[in-house]
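Asks: Please see the structure below; I have some questions.
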Amino acid sequence: MSILQSCIQQCLSSSSLPSLCTFSSSISSCPSPSLSRRVLLKPTTTTTVYCSSAADSAVTIVNGNADKRSVVERDEIRLGLPSKGRMAADTLDLLKDCQLSVRQVNPRQYVADIPLLPNLEVWFQRPKDIVRKLLSGDLDLGIVGLDTVYEYGQGNDDLIVVHEALEYGECRLSLAIPKYGIFENINSLKELAQMPQWTAEKPLRVATGFTYLGPKFMKDNGLEHVTFSTADGALEAAPAMGIADAILDLVSSGTTLRENNLKEIEGGIILQSQAVLVASRKSLIKRKGALETTHEILERLEAHLRAASQFTVTANMRGTSAEEVAERVLSQTSLSGLQGPTISPVFVKRDGKVVSDYYAMVICVPKKALYKSVQQLRAIGGSGVLISPLTYIFDEETPRWRELLTRLGL
Ligand SMILES: Nc1ncnc2c1ncn2[C@@H]1O[C@H](COP(=O)(O)OP(=O)(O)OP(=O)(O)O)[C@@H](O)[C@H]1O
Ligand SMILES: O=P(O)(O)OC[C@H]1O[C@H](OP(=O)(O)OP(=O)(O)O)[C@H](O)[C@@H]1O
Ligand SMILES: [Mg+2]
């Protein structure tokens, strides 16, 4: 449960409000002046609950470290990884594939290490808490979905996305409406905004867990009469239950929307998301060793992800010279490799003499183009074709590293 949700529950616990609290579209306060408690949200990681009951009091709850020092003093670099949910296992698998296996004594222990990176501590946390703790200085690096970075980071420029495409957890944050009733012929955000039904008294009701990005998107797109309600999951049920007109949630295969008679609309995608490596700018600049550790993790991730989409292909080809074989190979569109084929003579001893009348060819081929490549190889006389997986492809320099240094002003 988020801090926001727990605050709302505290508010609701002794009032007669409906089971879902509704926010105005700017989410600055609950709309009804008759509420005995108000929830004020600030664009920081601090949530303040003001109770205007008989004994007026204000309680400040901080997510993460209450210490205001810019970089919390400690010797270790801390990496936050998802403790549960669909990102947890895929994150550990990715790190393992990069030879950065996480060593965890038992699954209920929240601290672990990566033997290859001795100055690094791994902390398992809920994705939203990883972002909050990056901002509070309790973590230096984290792996979470981009949606979580944007929702809980709320535009804070201390967060730097170091690798924006770790190639899992792909989904989109999207607005969806019912396929039936008054929405039957509505297929775009523009059409939804122009429906005469939405007024100040009777606004469009949107159910979402994204209580920062949702209102921001509506405001940026000029939708005026909107209210938001929130819940922890199964949001797709809200329209059929009569709680909301629309939902704003993550979509991947689209099955959950389909099964609940909902549809996405043109212009309704708020963001495309996948797992990312995110860092605290302050940590990278000020914490000893943080930048070097980030460089190594980034290099391994880039090299592995690049390699994961390719196969190494080796084949034998008859020919009169390496150049003549290369000529034939390069005449085929799917056989140019990363930088061109490597052609080496295969030597045999014949009649007491060392001769070479065929050549071994090595290229990298995108996995998607494998079958086409094999067909093209055969067409130019290739035989004995061997396919093997690749572990890493290290470039001379990782483009993301240069970009990171520029963004840090280094
Ligand atoms: N259907 C999906 N397909 C692919 N990735 C998804 C999907 N739903 C969520 N994600 C990604 O996985 C991240 C974690 O989602 P998940 O639902 O596993 O955890 P959670 O939302 O933190 O936990 P919970 O749903 O129990 O509150 C999301 O922030 C998003 O980046
Ligand atoms: O497009 P699909 O592939 O159907 O995936 C979309 C669903 O996945 C997520 O829910 P999750 O499975 O995390 O359940 P939750 O609502 O309990 O968080 C998301 O909130 C959607 O409900
Ligand atoms: Mg979920």
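Asks: Confirm whether V362 is modelled with pLDDT of 85 or more, part of a strand (DSSP E or B) and in the same structural domain as Q375 (by TED's automatic domain parsing).
Replies: Here the answer is yes, as V362 does meet what is asked.
Asks: Being open to solvent by 30 Å² or more (accessible area, probe 1.4 Å) and in a strand (DSSP E or B) is the filter here, so list the residues in segment 119-139 that pass it.
Replies: Listed by number, the residues that qualify are E121, W123, Q125.
Asks: Name the residue, out of Y150, Y180, that is of a type in the set (F, W, Y) and out of contact with any strand residue (DSSP E or B) (no Cβ under 9 Å at 6 or more places or on another chain).
Replies: Y180
Asks: So C171 fits all but one of (1) in contact (Cβ under 8 Å) with a residue 60 or more places away in the chain; (2) touching a Phe, Trp or Tyr at 6+ places or on another chain (Cβ under 6 Å); what number is the exception?
Replies: Here C171 clears every test but (2).
Asks: Right, something else. Please tell me if D220 is in the same structural domain as K96 (by TED's automatic domain parsing), more than 16 Å from ligand 2 (Cβ to nearest atom) and open to solvent by 70 Å² or more (accessible area, probe 1.4 Å).
Replies: no
Asks: So is L204 outside the structural domain of G153 (by TED's automatic domain parsing), at pLDDT 95 or above and either more than 30 Å from Y168 (Cα to Cα) or away from ligand 2 (no atom under 16 Å from the Cβ) (or both) or not?
Replies: When the stated conditions are applied, L204 passes them.
Asks: Among the residues of segment 140-179, write down those that are more than 16 Å from ligand 2 (Cβ to nearest atom), open to solvent by 20 Å² or more (accessible area, probe 1.4 Å) and farther than 30 Å from A308 by Cβ.
Replies: Result: Q154, G155, N156, D157.
Asks: Report every pair of residues separated by at least 6 positions or lying on different chains whose Cβ atoms are under 8 Å apart, first residue within segment 73-89 and within 16 Å of ligand 1 (Cβ to nearest atom), second part of a helix (DSSP H, G or I) and among the β-branched types (V, I, T).
Replies: Listed by first residue and then by second, the contacts come to G80/I130; L81/T91; L81/I130; P82/T91; P82/I130.
Asks: Could you list, in sequence order, the residues of segment 226-282 that are within 16 Å of ligand 3 (Cβ to nearest atom), surrounded by fewer than 16 Cβ atoms within 10 Å (Cβ to Cβ) and within 29 Å of N156 (Cβ to Cβ)?
Replies: Hits for segment 226-282 are D232, G233, S252.
Asks: OK, next. Counting just the residues of segment 84-105 that are at pLDDT below 95 and within 16 Å of ligand 2 (Cβ to nearest atom), which one comes out farthest from Y168 (Cα to Cα)?
Replies: Residue satisfying both the conditions and the ranking: K84.
Asks: Has segment 361-370 got at least one residue that is farther than 30 Å from Y168 by Cβ and in contact with a strand residue (DSSP E or B) (Cβ under 9 Å, 6 or more places away or on another chain)?
Replies: Looking for residues that are farther than 30 Å from Y168 by Cβ and in contact with a strand residue (DSSP E or B) (Cβ under 9 Å, 6 or more places away or on another chain), one finds at least one in segment 361-370, hence yes.
Asks: For K368, which of the numbered conditions (1) surrounded by 11 or more Cβ atoms within 10 Å (Cβ to Cβ); (2) not in a loop (DSSP other than H, G, I, E, B) fails to hold?
Replies: (1)
The values are calculated or read from the model by the stated rules, or taken from the named source; none is laboratory data. Here the structure is a predicted model, which means the values were calculated and not measured. Positions of Cβ are backbone-derived with ideal geometry, glycine not excepted, and every protein chain shown enters the neighbour counts. What goes into the accessible areas is simple: the full protein's heavy atoms, side chains included, and nothing from ligands, DNA or RNA. Shrake-Rupley method; radii C 1.70, N 1.55, O 1.52, S 1.80 Å.
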